Each structure stands twice: as C-alpha cells, then as structure tokens.
Amino acid sequence: MTAKPSLLPSVGRFLVYAVLALATAFFLLPLYAMLVTSFKDAEEIRSTSLLALPGSLNWSAWGTAWSSACTGVDCNGLRPFFMNSVAMAVPAVLISTVWGAVNGYVLSLWKFRGSDVLFGLLLFGVFMPFQVVLLPMSQVLGWLGLSSSITGLVLVHCLAGLAGTTLFFRNYYAAIPKELVNAARMDGASFFQIFWRIVLPLSTPIVMVTLIWQFTNIWNDFLFGVVFSGTDSKPVTVGLNNLANTSSSVKAYNVDMAAAIIAGLPTMVIYVLAGKFFVRGLTAGAVKG
C-alpha cells in the first residue's frame, strides 16, 4: 500500500515564501513611495494618497533635482555634488582595496615578528567610532594642505576603510596554501611577482566583496563629507541634505524624492548588477576560512 505524500513540506515552503514576500514588500515600500511621488506634480501630491500611482510619468521633478534645484543659495541641482562623489569614491575605493590587499598579503603569507600584534592593533580601526578621529584628521589634513578638498576626502576614506579591507583580505589569504608561495620563492619570484601572478588571480571573490563594500560605505557617507569638504567639494549626501533643508514657499516633495533616488542610484545599481558576486565572495571567504 502506497503512502500518500505529505502536504507539510509544501505548506512549509509556502509559508516561507509568504514571509519572504511580506518582508520584501515592507522593505521596498519606502522606495516605492519615493518613486511614485517623484513622478507626481504638486497638485497630484496634495490630492492623492502617498501610495497612489501617478496619473502620468512626469519627469520634471527629476530634471529639477538634477540641474536646477536650490541647495541654499546655489541653484545648480545635485549634478555638481554627484560629480564630486564620483571623483571621490572611485579613487578612494580602488586605493583602499589595493592597499588592503597588499596588507592582507603581507600579514597572512609573509608573516614577520610582531605581525599578529600589528594586525590586532589594526583591528581597532574596524570598531573605532569615526567621531573620535574627526579632530586629529582635520589637523592632519591642514598640515598636508588638503583641507576642504576632494583629495583630502579620498585620503580620509582610504584611511578609514583600511582596517576593514585589510581584515577581509588577510582572512581570505590565510586559507591559501603557503606551499604555493614557498615554491614561487624557491623559483626566484619576487614579492610583487608572487602577489600579481599567484595570489591576485585567486582573489576575485574577495576583491568583489571589498569593492562593493567600500563603494557603498564611501558613497553613502555623510559624516566625513560634511566635516571635511569645502564649498566646491561637497559629496552628494551633503548636497541632498542641503536640498531637502532649503526652505521655499511651497515644499517640493517630488523634487526631494527624485533627488534622494538620484543620490542612492549608484549603490542600487551596483547591488542589482553585482549583488550575486558579493554573496558568492562572502560565502567563499566563509568556507575557506
């Protein structure tokens, strides 16, 4: 006599999917509200509910947010702030990732006396509140002549992210067999030849994790941007804050929502296009570690 298949696995799977769908909808609800509001005009915002779909796609708020919205007395929109963030984030992400890779390579495969102690001290940077370094960092930037500049912001973000990137690479490289490095050294390969030809080709998963992590942290940063930037070097987060807090006779919620989406668009695109690599990299590091 054949036993009937149990319905419990199907019911359990349905409940899991239902909970996930509900959590996803709850998480995406603010983004949906921002998006539909950005396509409405002022009259439609006043006459319809927050979650109601717009009658038509009105892109005027997006154009205003990008090129003509006022941030204080400056009415050039988010475009100059967005370009400042690009000029800041790209070199800071690349430099901090390469720097962290070299540090991790040294601390895991070229250990020296005191390297573990140095790594332990470096880890303090992962848990240290950034507010603690604001005053000494401003003094250092002043001594270097980099105050209120994009170059100064790049340096600040490289130093702030160095502990985290070193931690990522050091833990990942610790799982690489040391026999590979020893064999290459016996064959006469130099420090950087081993790094470039052996270690780096094995690093794709953790490189993707670090790039995405650093780009998200640097692009979304507000604290360093508001403290260390000048008039011509403010990042997009500071520009968005100034735009949202600029008073006018009528509050343009559609422009504010469009500006917020523009400011967050690069990180959203990064996660949509490369999110699977981020998950794979974290999984690879966890398995190897």
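For this structure, a couple of remarks:
- Identity of the residue in region 136-148, outside any loop (DSSP other than H, G, I, E, B) and exposed (fewer than 10 other Cβ atoms within 10 Å of the Cβ), that ends up modelled with the highest pLDDT: Trp143
- Subset of region 206-252 (residues that are touching a helix residue (DSSP H, G or I) at 6+ places or on another chain (Cβ under 6 Å) and of a type in the set (Val, Ile, Thr)): Ile206, Val209, Thr210, Ile212, Thr216, Ile218, Val226, Val227, Val236, Thr237, Val238
- Across region 99-115, the number of residues qualifying as of a type outside the set (Phe, Trp, Tyr) and open to solvent by 90 Å² or more (accessible area, probe 1.4 Å) comes to 2.
- Tally of residues being modelled with pLDDT under 90, assigned to a loop (DSSP other than H, G, I, E, B) and either in contact with a Gly (Cβ under 7 Å, 6 or more places away or on another chain) or hydrophobic (A, V, I, L, M, F, W, C) (or both) across region 149-181: 3
- All positions within region 22-37 that are closer than 11 Å to Ile261 by Cβ and of a type in the set (S, T, N, Q): Thr37
- Hits in region 25-48 (condition: free of Cβ contacts under 8 Å to residues at least 40 places away in the same chain and open to solvent by 70 Å² or more (accessible area, probe 1.4 Å)): Phe26, Phe27, Leu28, Leu29, Pro30, Tyr32, Glu43, Arg46, Ser47
- Of the residues making up region 105-115, not a single one is among the basic types (Lys, Arg) and assigned to a helix (DSSP H, G or I).
The values are calculated or read from the model by the stated rules, or taken from the named source; none is laboratory data. Not measured: the values here are computed from a predicted model. Glycine also receives a Cβ, built like all others from the backbone with ideal geometry; neighbour counts cover every protein chain displayed. Heavy atoms of the whole protein, side chains included, go into the accessibility calculation; ligands, DNA and RNA do not. Shrake-Rupley method; radii C 1.70, N 1.55, O 1.52, S 1.80 Å.
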